[in-house]
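The values are calculated or read from the model by the stated rules, or taken from the named source; none is laboratory data. This is a predicted model, so every value here is computed, not measured. Don't worry about glycine lacking a Cβ; one is built from the backbone with ideal geometry, like all the others, and counts go over all protein chains shown. When the accessible area is computed, the model is the full protein with side chains, heavy atoms only, and any ligands, DNA or RNA have been set aside. Shrake-Rupley method; radii C 1.70, N 1.55, O 1.52, S 1.80 Å.
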Amino acid sequence: MIFGAPEWFFLLPAVAVAAWRWRELHLHEPLRAAALVTLVFALADPRLRLASAGLDLWVLADRSDSAAAAMAAQSREIETILERARGRQDRIFYVDYAGEVTRRERGDPVFEGATYQTRTGIALEYALAEMPAGRAARLLVVTDGFATEPLGPAAEKVLRSGVPLDFRLLTEPALGDWRVAAFTVPPRVLAGESFLVEFVVAGQGDADVPWEVLRGGRAAASGTARVRGGVGRVRLTDRVTAGGAMRYEVRLKPAADAHPENNVASAWLEVAGGPRIVLVTNYPDDPLATLLGAQGVAVEVVTAPATLNAARLSGARAVVLNNVPAHRLPREFMAALDFFVREQGGGFLMAGGENSFGSGGYFASAIDELLPVSMELKKEQRKIATALAIAMDRSGSMSMSAGPGLTKMDLANSGAARAVELLGELDAVSVHAVDTQPHEIVALAQVGPNRMRILEAVRRVVSAGGGIVVREGLRAALGELEKANTGTRHMILFADANDSRQQLGDYLAAVDDLRAADATVSVIGLGTESDRDADILKEVAQRGNGRMFFSADAGELPAIFAQETVSIARSAFVKDPTGTQATPGWAEIAARAPEWPKTVDGYNLSYLKEGATASLVTTDEYSAPLVAAWQRGAGRVAAVSFPLAGNHSAQIRAWPGYGDFVQTLSRWLIGDDAPAGLALRTEVDGERLTLDLLYDETWNARIAQAAPGATVAESGGVSAAITTRSITWEKIEPGRFRAALDLTPGKMARGAVRVGAAALPFGPVSVAGSAEWSFDRARLLELRQLSQRSGGEERLDLAKTWSAPRPVNWRAIRAWLLVLWAVLFIADAALTRLGISLLARRKQPLAAAV
């Protein structure tokens with residue numbers, strides 16, 4: 001037995017003296033004395049040594065990127081050795097960790113946590129918390145030893161627990177490894193201002209390491225770094241004349257390298273300029289560019305929408321889409337517009353045309369919810385019946401998981417079902433599931449009387465193996481569309497961009513036959529443009545005079561099917577001249593209403609959403625909004641449903657108020673300048689983003705009423721998905737708030753700070769390089785020291801882990817002693833209340849004898 005607080009035993013002599021000196025306290029009474037002694041023992045925290053029935057070995061397996069290859073090669077051997085050497089009463093528990101921690105028997109056998117970090121500390125804390133009481137235990141960490149953060153409080157918890165920590169290194173520290181140890185560019189500069197680009201090359205010994213610096217994805221400089229004593233520094237100067245954001249990247253190119261993963265680092269540079277509008281247009285000589293530029297606004301004209309990304313929004317005050325179809329815009333850019341408007345306070349305008357709104361495929365897109373007009377299908381809009389043939393990939397790759405309880409096939413089925421739901425009563429549809437052969441799911445049938453039957457059949461398609469043969473799917477659709485007696489014939493081909501085989505035969509001849517049958521072909525590719533069979537799918541869409549969609553996120557399939565169906569199944573653009581009628585809504589944009597044109601040459605049919613305001617509507621049967629606007633979060637959005645350039649815009653461009661209308665609307669979209677008295681400073685240190693909000697005394701009252709808010713959106717990788725996070729502020733001192741969060745390596749972050757109605761946008765920012773590949777030797781030394789202090793060691797022979805001295809297991813009995821003390825105390829109180837003395841009863845027989 002041991003005692004956790006033996007100093008309490010000093011009370012016993014004091015109790016004995018008190019019992020002798022003050023007899024009236026009756027401390028010599030047996031029950032009272034026993035209660036006092038029991039209480040003293042409880043306070044001394046006695047613990048009994050228990051014999052363990054066996055040893056629990058907690059194996060912490062490092063699943064991070066830097067250890068993944070070695071772990072995959074050695075994990076089976078490690079587990080086999082440990083299983084064979086353990087005793088009958090010994091147990092093994094496996095914990096997988098990287099940036100997160102998972103108990104293997106409680107989760108997926110394949111670790112799916114964040115692998116760009118190695119957080120050994122949280123893995124140790126997790127294992128200690130999971131250990132059952134009453135069993136001897138040891139910890140065995142299987143890792144490369146290079147954690148991405150200090151062990152922190154986990155070290156103290158390991159030592160306090162008395163559980164020995166052993167470790168096994170998967171690989172020896174690499175020799176001949178050259179890496180980018182640091183890469184810095186200023187977070188923000190003025191347009192035309194010179195600045196420094198600096199990076200540090202680190203490794204072992206001396207060497208000359210070639211390098212290259214890229215600006216915006218293109219080579220900007222190259223050279224050789226002289227590494228002496230393991231460190232080489234390179235400094236360059238550069239300047240960027242245009243506002244916006246620029247991505248810089250440094251790449252090392254050594255002849256041989258142990259870990260090429262740490263040879264690349266990147267950083268974003270924000271270039272501040274005056275007010276800037278991004279005009280994405282379908283017209284090489286768009287008249288809007290001249291009108292917008294005439295009011296002192298820098299206009300960035302984009303005629304190649306495929307080059308757009310979220311970073312192009314940096315420093316922009318508004319974005320204008322002028323008759324550009326949705327399929328030409330990167331999905332990442334469309335998804336980024338929502339954050340740009342709602343959080344960063346940007347403006348957004350969509351102008352009409354045959355490639356805009358519903359006709360351009362924007363229904364159910366990321367932009368749909370931003371617009372003040374609805375592109376929903378209504379019965380009166382279906383002027384011409386449509387025949388739609390859908391060919392869906394049902395190959396083996398479609399059986400892969402795409403979310404909780406869902407496969408890629410399930411989401412493709414949902415997409416096809418969504419298309420059927422959006423078709424009109426008089427439209428017709430056919431559906432085939434295709435692998436090496438087409439399998440008829442629904443023969444061409446009118447949707448109206450058969451909608452429920454068709455939906456039920458489409459939702460039951462299952463993956464059946466084999467790659468999709470594109471030619472077979474095209475031929476099956478052709479056979480159905482040739483039967484259709486409708487004004488529009490269209491095919492949607494859905495296929496895996498990495499598993500779309502041609503086999504023998506000319507698949508392009510099938511596309512030509514479809515075009516000869518007056519049918520168009522659009523393609524939805526699951527994957528990216530860089531996938532193995534992406535070129536086949538792009539060629540089919542181009543030759544079929546249709547649209548090409550790529551998405552690596554199967555969850556986006558229903559929305560893509562919906563966009564494509566709406567764009568072909570409705571007469572959404574009215575080409576007839578239509579009269580106009582003004583409404584009071586323009587008063588929310590400008591004080592004076594223009595002299596509106598009497599008619600427009602054509603317009604995109606849509607409906608005003610609840611909460612939006614129309615300034616001009618049609619005089620036809622639809623009373624459709626021609627100019628509509630509303631506020632979305634911190635930003636503003638407008639929809640002009642008639643064309644501002646190109647076909648069907650002659651009357652508008654001849655309208656005397658055309659220029660004033662465009663300029664007034666753009667000024668409203670740009671909004672007000674950032675209010676005086678506020679400033680935002682950003683800093684990225686490693687993976688940590690820190691924001692400092694500075695304000696003067698004029699803001700004290702407003703900030704006291706509503707605390708500032710900050711939101712960060714991260715995007716990047718193969719998916720267009722954007723992850724949004726809110727940040728909690730901490731007041732550092734009067735006039736200064738601070739917030740911080742960890743960024744995700746490999747992703748670009750944009751954000752905004754909201755103070756009342758004001759928005760201060762920032763970014764893009766990113767992590768220069770992943771800490772996972774920095775191989776900080778201090779982390780390895782920290783692990784060795786903790787192992788030694790805890791009684792563990794480096795385990796070269798894993799079988800000997802079981803024969804190591806087993807830790808002593810002590811069981812505290814303080815709780816039981818306190819229960820006993822309570823019983824004795826109550827019994828003594830009861831006897832005292834009744835006037836009974838056990839000591840007096842023992843003396844009574846002696847008195848009688850005398």
Discussion item. Given the options Gly396, Gly403, Gly358, name the one that is crowded, with 20+ Cβ neighbours inside 10 Å and either over 19 Å from Ser567 (Cβ atoms) or more than 27 Å from the chain's Cα centre (by Cα) (or both).
Written reply: Gly358
Discussion item. Take the residues in the range 64-84 that are surrounded by 12 or more Cβ atoms within 10 Å (Cβ to Cβ) and more than 30 Å from the chain's Cα centre (by Cα); name whichever of them is nearest to Glu261 (Cα to Cα).
Written reply: Gln74
Fill in: Subset of the range 503-517 that is more than 19 Å from Ala433 (Cβ to Cβ) and not in a helix (DSSP H, G or I) - its residue that is modelled with the lowest pLDDT
Leu504
Worksheet item: Going through the range 242-301 one residue at a time, which ones are among the β-branched types (Val, Ile, Thr) and within 30 Å of Gly223 (Cα to Cα)?
Response: Val250, Val264, Val271
Worksheet item: Which residue, of Val231, Val209, is farther than 20 Å from Arg312 by Cα, open to solvent by less than 40 Å² (accessible area, probe 1.4 Å) and modelled with pLDDT of 90 or more?
Response: Val209
Worksheet entry | Subset of the range 134-168 [more than 14 Å from Trp773 (Cβ to Cβ), assigned to a loop (DSSP other than H, G, I, E, B) and open to solvent by less than 20 Å² (accessible area, probe 1.4 Å)] | Leu151, Val163, Pro164
Response to the item:
For the range 746-764 the number of residues that are surrounded by fewer than 22 Cβ atoms within 10 Å (Cβ to Cβ) and either under 19 Å from the mean Cα position of the chain (by Cα) or aromatic (Phe, Trp, Tyr) (or both) is 2
Worksheet item: Are any residues in the range 779-809 open to solvent by less than 50 Å² (accessible area, probe 1.4 Å) and of a type in the set (A, V, I, L, M, F, W, C), and if so, which ones?
Response: Leu780, Leu783, Leu786, Leu798, Ala799, Trp802, Ala804
Worksheet entry | Odd one out for Trp586, checked against (1) open to solvent by 50 Å² or more (accessible area, probe 1.4 Å); (2) out of contact with any Gly (no Cβ under 7 Å at 6 or more places or on another chain) | (1)
Worksheet item: Any chance the range 210-233 includes a residue that's assigned to a loop (DSSP other than H, G, I, E, B), more than 28 Å from Ala256 (Cβ to Cβ) and in contact with a Ser or Thr (Cβ under 9 Å, 6 or more places away or on another chain)?
Response: no
Practice prompt. Specify which of the listed residues (Thr488, Thr520) is among the β-branched types (Val, Ile, Thr), under 25 Å from Ala417 (Cα atoms) and at pLDDT below 90.
Written response: Thr488
Response to the item:
Within the range 318-355, residues being over 25 Å from the mean Cα position of the chain (by Cα) and open to solvent by 20 Å² or more (accessible area, probe 1.4 Å) number 2
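Got a number for residues in the range 290-305 being of a type in the set (Gly, Ala, Ser), over 31 Å from the mean Cα position of the chain (by Cα) and under 23 Å from Ala245 (Cα atoms)?
Looking only at that region, the number is 3.
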Discussion item. Conditions first: (1) modelled with pLDDT of 90 or more; (2) of a type in the set (S, T, N, Q); (3) open to solvent by 40 Å² or more (accessible area, probe 1.4 Å). Thr171 passes all but one, so which condition is the exception?
Written reply: (1)
Discussion item. Would you confirm, using the coordinates I've provided, whether Thr520 is open to solvent by 10 Å² or more (accessible area, probe 1.4 Å), in a strand (DSSP E or B), under 18 Å from Val429 (Cα atoms) and not aliphatic (A, V, I, L, M)?
Written reply: yes
Practice prompt. Could you figure out which of (1) assigned to a helix (DSSP H, G or I); (2) in contact (Cβ under 8 Å) with a residue 60 or more places away in the chain isn't true of Gly792?
Written response: (1)
Item to complete: Spot the failing condition for Leu838; the list is (1) touching a helix residue (DSSP H, G or I) at 6+ places or on another chain (Cβ under 6 Å); (2) open to solvent by 50 Å² or more (accessible area, probe 1.4 Å); (3) at pLDDT 80 or above, and only one is missed.
Response: (3)
Worksheet item: Just wondering, is there one or more residues in the range 273-289 that are assigned to a loop (DSSP other than H, G, I, E, B), of a type in the set (Lys, Arg) and more than 21 Å from the chain's Cα centre (by Cα)?
Response: no
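Every residue, every condition in (1) open to solvent by less than 10 Å² (accessible area, probe 1.4 Å); (2) hydroxyl-bearing (Ser, Thr, Tyr); (3) under 26 Å from Asp427 (Cβ atoms); (4) part of a helix (DSSP H, G or I), yes or no:
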residue	(1), (2), (3), (4)
Arg475	no, no, yes, yes
Asn485	no, no, yes, no
Ile492	yes, no, yes, no
Asp531	no, no, no, no
Lys538	no, no, no, yes
Gln542	no, no, yes, yes
Practice prompt. Take Phe195 and decide whether it is within 25 Å of the chain's Cα centre (by Cα), within 26 Å of Val213 (Cα to Cα) and modelled with pLDDT of 90 or more.
Written response: no
Fill in: All positions within the range 656-703 that are of a type in the set (D, E, K, R) and touching a residue at least 40 places away in the same chain (Cβ under 8 Å)
Asp660, Arg667, Glu683, Glu687, Arg688, Asp692, Arg702
Worksheet item: Quick one: is Gln117 in contact (Cβ under 8 Å) with a residue 40 or more places away in the chain and of a type in the set (S, T, N, Q)?
Response: yes
Worksheet, complete the sentence: Residue count, the range 662-695, condition open to solvent by less than 30 Å² (accessible area, probe 1.4 Å), among the charged types (D, E, K, R) and either under 17 Å from Val185 (Cβ atoms) or in contact with an Asp or Glu (Cβ under 7 Å, 6 or more places away or on another chain) (or both), comes to 1
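Those residues that are among the polar types (S, T, N, Q) and assigned to a strand (DSSP E or B), I need them from the range 177-209; list them, please. Working first, answer last.
As a first pass, look at the range 177-209 and keep what is among the polar types (S, T, N, Q): 184, 194, 204.
Thr184, Ser194, listed by residue number.
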Worksheet item: How many of the residues in the range 290-317 are open to solvent by 50 Å² or more (accessible area, probe 1.4 Å), part of a helix (DSSP H, G or I) and in contact (Cβ under 8 Å) with a residue 60 or more places away in the chain?
Response: 1
Worksheet entry | Residues within the range 743-773 that are assigned to a strand (DSSP E or B) and aromatic (Phe, Trp, Tyr), tallied | 1
Discussion item. Among the residues of the range 726-742, are any small (Gly, Ala, Ser), out of contact with any Phe, Trp or Tyr (no Cβ under 8 Å at 6 or more places or on another chain), surrounded by fewer than 18 Cβ atoms within 10 Å (Cβ to Cβ) and assigned to a strand (DSSP E or B)?
Written reply: yes
Response to the item:
Flagged in the range 43-68 as assigned to a loop (DSSP other than H, G, I, E, B), among the polar types (S, T, N, Q) and at pLDDT 85 or above, in numbering order, are Ser64
